[in-house]
Amino acid sequence: MKPATLARALALATAVLTVPITPALADSDRDDDARRPLVIGHRGAHGYLPAHTLEGYALAIELGADYIEPDLVATKDGHLIASHEPNLIGTTDVASRPEFAGRKKTVKVDGVDDTGFFASDFTLAEIKTLRRVQDFADRPQQFNGKLQVPTLEEVIELAKRKSVEKGRAIGIYPETKHPTYHKSIGLPLEKRLIAVLAAAGWNRRDAPVIIQSFEQSNLKELNKMTPIRLVQLVDADDVGPDGGLTYAPPFDRPYDWTASGKPELLARNFGFFVTDEGLREIKTYADGIGPWKRYIVGSVPIPGSTAPGEASRKAVPPPDPAKQDLIKRAHKQGLVVHTWTFRNEQKRLLADYAGNPVDEYLQFYRLGIDGVFSDFTDTAVAARILFDLERDPDAGRCLIGDRDGPRRHHPDCD
């Protein structure tokens, strides 16, 4: 796509704000070819604003997100806050606050030493005095020190309010961060999460909520506590020279497997989940799978390339035949597939996309992905509009509208 064409598509997506979609995990009444992938605002609008702020979530909604994603950790007094990690050192201004200097410490999180300031050592009132910072050095820094850390209750209230304002359902997609670690410090997440959702009237199957976790026992426990839809996340450490994924701690397996000490679980790594046996196992307690995108589209180095980061690599199928065609195999088991994380910067795009992030989205949309986590919601939505037009030129009527106004809420445009 030419740059001018991309710019027009992005402007169109921003002006329209959204292509309407009820935020459902899967639409079982429609054929696979008719399903439209969800766009999930990863940590809010992380490409533009510091992660996990109400402003970031609101911006993601303005740009068309179907769901917003709050990662969840617990405070000293048992509140759930939206934060990427229990350690606040990289995402808040806590390190510059002299009143908290004495709380810096080193603890083991998932078996690895981690030094910083931990949410579990702060009350919610103290957390509210902190301000967010952008943890990606190559992204806008002018909002550092200005935005607060929200609670889960505040995120839910925002999603409800914006759903009314926008005339479309907006969901939340919380991740339980390090559940085994939280249990070890006496702050288990599961009951706290369900209590907050129940208080909001969202502890039901059709609520606009999907819960995700990298840990299996956490999801199995939640499966017994709530009818809310669940997704098993699947990680890896890196990509090897042949395109195969590598598994090094703490990204080798769900940490609850490691902590269990059970030989049968210690013999596995995250890659087990994307085998047919693993998918069948996931189906017993969850509704979907959330793999790192390299499980779906692999990559290998380009000989002699001096391009930065991912731009020095090209796309290839995953080399292990047992792990290819993951989307189709997961669908065969009745699981949806939501993959992560999509970013716009050239160094975070394979060379195949020639610096154009829309082409990456289109590749995954064409493969049948059910949802994408994106730091740049507007780009994901623009690409989805192009995907709609690619499959059905008549889809343009939903954007253009008629004398009665835009048709994007018309049943034919769902």
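Every number in this text was worked out from the coordinates using simple rules, so none of it is lab data. Treat the numbers as computed from the prediction; the structure is a model and nothing was measured. Cβ sites come from the backbone with ideal geometry, for glycine too, and all protein chains shown count toward neighbours.
Here the convex hull built on the C-alpha positions of the range 165-311 has a volume of 167 cubic angstrom per residue.
Whole-Hz Karplus values for the range 244-252 come out as x, 7, 10, 10, 10, x, x, 9, 8 Hz, taken residue by residue from phi with 6.51 cos²θ - 1.76 cosθ + 1.60 and θ = phi - 60°; glycine and proline positions read x. Averaged over residues, the count of other Cβ atoms within 10 Å places the peptides 59-67, 382-390, 181-189 in the sequence 59-67, 382-390, 181-189, highest first. In this rough spin-label picture, where each label sits 7 Å from Cα along the Cβ direction, the ASP276-SER260 distance is 2.3 nm. The order of the peptides 146-153, 92-99, 287-294 by mean Cβ neighbours within 10 Å, most packed first, is 287-294, 146-153, 92-99. Annotation: amide H-H contacts under 5 Å for LYS177 (H modelled 1.01 Å from N, sequence separation of 5 or more, or interchain): LEU72. Amide hydrogen proximity for GLY298: with H placed 1.01 Å from N in the peptide plane, the residues at 5 or more positions away or on another chain lying under 5 Å are VAL316. Summing charges over all other residues whose Cβ lies under 13 Å from the Cβ of GLU165, with Lys and Arg as +1 and Asp and Glu as -1, gives +3. Each peptide among 76-88, 159-171 gets the average number of other Cβ atoms lying within 10 Å of its residues, and from highest to lowest they stand as 76-88, 159-171. Backbone geometry of the range 326-334 corresponds, through the Karplus equation with coefficients 6.51, -1.76 and 1.60 at θ = phi - 60°, to 3J(HN,Hα) couplings of 4, 4, 5, 5, 5, 4, 5, 8, x Hz, x marking Gly and Pro.
Averaging the Cα positions of each part gives two centres, and for the range 345-390 and the range 128-177 these lie 23 Å apart. Remark: for residue pairs LYS293/LYS314; LYS293/LYS328; LYS108/LYS224; LYS76/LYS104; LYS183/LYS220; LYS146/LYS191, the C-alpha separation exceeds 21 Å in LYS108/LYS224; LYS146/LYS191. A cut-off of 5 Å between modelled amide H atoms, ignoring neighbours fewer than 5 places along the same chain, links ASP77 with LEU124.
Taking every pair of alpha-carbon atoms in the chain, give the share separated by more than 40 Å as a whole percent. Result: 13 percent of Cα pairs exceed 40 Å.
Quick check for me: using +1 on Lys/Arg Cβ and -1 on Asp/Glu Cβ, what's the dipole size of the range 59-199 about its Cα centre, in debye to the nearest 20? It works out to roughly 260 debye. Working from Cα pairs under 8 Å separated by at least six residues, relative contact order for the chain is 17 percent. Once both labels are positioned 7 Å from their Cα atoms along Cα-to-Cβ, the gap between GLN333 and ALA199 label points is 3.6 nm. For the Cα trace of the range 239-387, dividing Rg by the Kirkwood Rh returns an Rg/Rh value of 0.98. With the convex hull drawn around the C-alpha atoms of the range 51-133, the volume per residue stands at 99 Å³. Karplus-based coupling profile of the range 50-62, in residue order and whole Hz: x, 5, 6, 10, 4, 5, x, 5, 5, 5, 4, 5, 4, with θ = phi - 60° in 6.51 cos²θ - 1.76 cosθ + 1.60 and x standing for Gly or Pro.
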